[in-house]
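Visitor: My structure is below; once you've seen it, I'll send some questions.
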Amino acid sequence: MLYWSWKTFFEEAFLMAHLKKNTRGAVPGLAVHFERKTDHHTNKEIDVSKTYLNQDLMTDDSDMISRFNNHLNDVYCMKRDDVKALATWIVTLPEELTEAPYEQQSAFFEATTNFLNDRYGQENAVAAVVHYDETTPHLHYAFVPVVFDVKKSRYKVSAKEVLTRHDLQTFHEDLDQHLKKVLPFYEQGILNNKTLPFENVAEIKKYNDQFNALKTELADIEDNIRAKQAVLKITDQALTEGRLSRKTN
């Protein structure tokens, strides 16, 4: 299936999990949303009568901002406003489980959180909250992307080195296999032809622009081929007529 609109592609591609990289300045707002720290929600899909169903899967008694600030004190992070110091995955409950019992839905999100902890380091996690009070249940998982800097013998924040293209390309399949392994009721899986490893809207648009450029280039090549075929046809006809003329003479 070809996606002629990057907007349509984006809306259809990330039905299961979506990654976003965030600066430090975005953390307070994310914490308010994740932890429901206000009763005045701008998101009209939030049903406050169901908020009590939400789950905080972090095991300590702290909060997202405290965990984030404490962790940044333990690792090196460049003092720049544009540094992506926090990564967030939103993992949506698969359609096959929307009618499943609450216990199975909860088990799905707990297994997903365990997968994310293993993949990115539980020590780097600062939030793992399940929202049942919106249209579709989903997990917000936030972590500080940390790697070990061998040259300087210290841990540092580096979204670029943690969230590589390989990580994004293998994420959905790895999560799918993990869930199938640990959840007996999970059979259908999350992978489909719409689940592709693009990181954000800008990247999708970039590839869409590249595709359109290649499409235009291909059309030009095809026009050139047709023009040359026409010349060859005319030349062949002229040669044939020349041979016939010589025979009659």
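The values are calculated or read from the model by the stated rules, or taken from the named source; none is laboratory data. What you see is a predicted model; the values in this text were computed from it and never measured. Here Cβ is always computed from backbone atoms with ideal geometry, including for glycine, and neighbour counts include all displayed protein chains.
Visitor: Identify, please: which residue in the range 76-96 is surrounded by fewer than 19 Cβ atoms within 10 Å (Cβ to Cβ) and of a type in the set (A, V, I, L, M) and is, among those, nearest to the chain's Cα centre (by Cα)?
Guide: Step by step, filter the range 76-96, then rank; the result is 90.
Visitor: Another question about this same structure. Restricting the first residue to the range 61-73 and requiring it to be closer than 18 Å to residue 33 by Cα and modelled with pLDDT of 95 or more, which pairs with a second residue that is of a type in the set (A, V, I, L, M, F, W, C) and in a loop (DSSP other than H, G, I, E, B) meet a Cβ separation below 8 Å and a spacing of at least six or different chains?
Guide: Pairs that qualify, where the first residue is closer than 18 Å to residue 33 by Cα and modelled with pLDDT of 95 or more and the partner is of a type in the set (A, V, I, L, M, F, W, C) and in a loop (DSSP other than H, G, I, E, B), are 67/58; 68/144.
Visitor: Further, regarding this structure: For residue 99, indicate whether it is part of a loop (DSSP other than H, G, I, E, B) and free of Cβ contacts under 8 Å to residues at least 24 places away in the same chain.
Guide: Details: part of a loop (DSSP other than H, G, I, E, B): yes; free of Cβ contacts under 8 Å to residues at least 24 places away in the same chain: yes.
Considered against the rule, which asks whether it is part of a loop (DSSP other than H, G, I, E, B) and free of Cβ contacts under 8 Å to residues at least 24 places away in the same chain, residue 99 comes out as yes.
Visitor: Any residue at all in the range 83-90 that is basic (Lys, Arg) and farther than 16 Å from residue 123 by Cα? If you could, list the steps in order and put the result at the bottom.
Guide: Of all residues in the range 83-90, those basic (Lys, Arg) come to 84.
When the remaining residues are screened for being farther than 16 Å from residue 123 by Cα, the result is 84.
Within the range 83-90 (the criterion being basic (Lys, Arg) and farther than 16 Å from residue 123 by Cα), the answer is yes, since at least one residue qualifies.
Visitor: Moving on. In the range 65-83, what count of residues is obtained for those that are under 19 Å from residue 117 (Cα atoms) and either in a strand (DSSP E or B) or hydroxyl-bearing (Ser, Thr, Tyr) (or both)?
Guide: Qualifying residue count for the region: 1.
Visitor: Against the definition (at pLDDT below 95 and assigned to a strand (DSSP E or B)), how does residue 126 come out, yes or no? Break it down into steps so the answer makes sense when it comes.
Guide: Values: at pLDDT below 95: no; assigned to a strand (DSSP E or B): yes.
Considered against the rule, which asks whether it is at pLDDT below 95 and assigned to a strand (DSSP E or B), residue 126 comes out as no.
Visitor: Moving on to the next point. Has the range 162-175 got any residue that is of a type outside the set (Asp, Glu), at pLDDT 95 or above and under 24 Å from residue 52 (Cα atoms)?
Guide: No, the range 162-175 contains no residue that is of a type outside the set (Asp, Glu), at pLDDT 95 or above and under 24 Å from residue 52 (Cα atoms).
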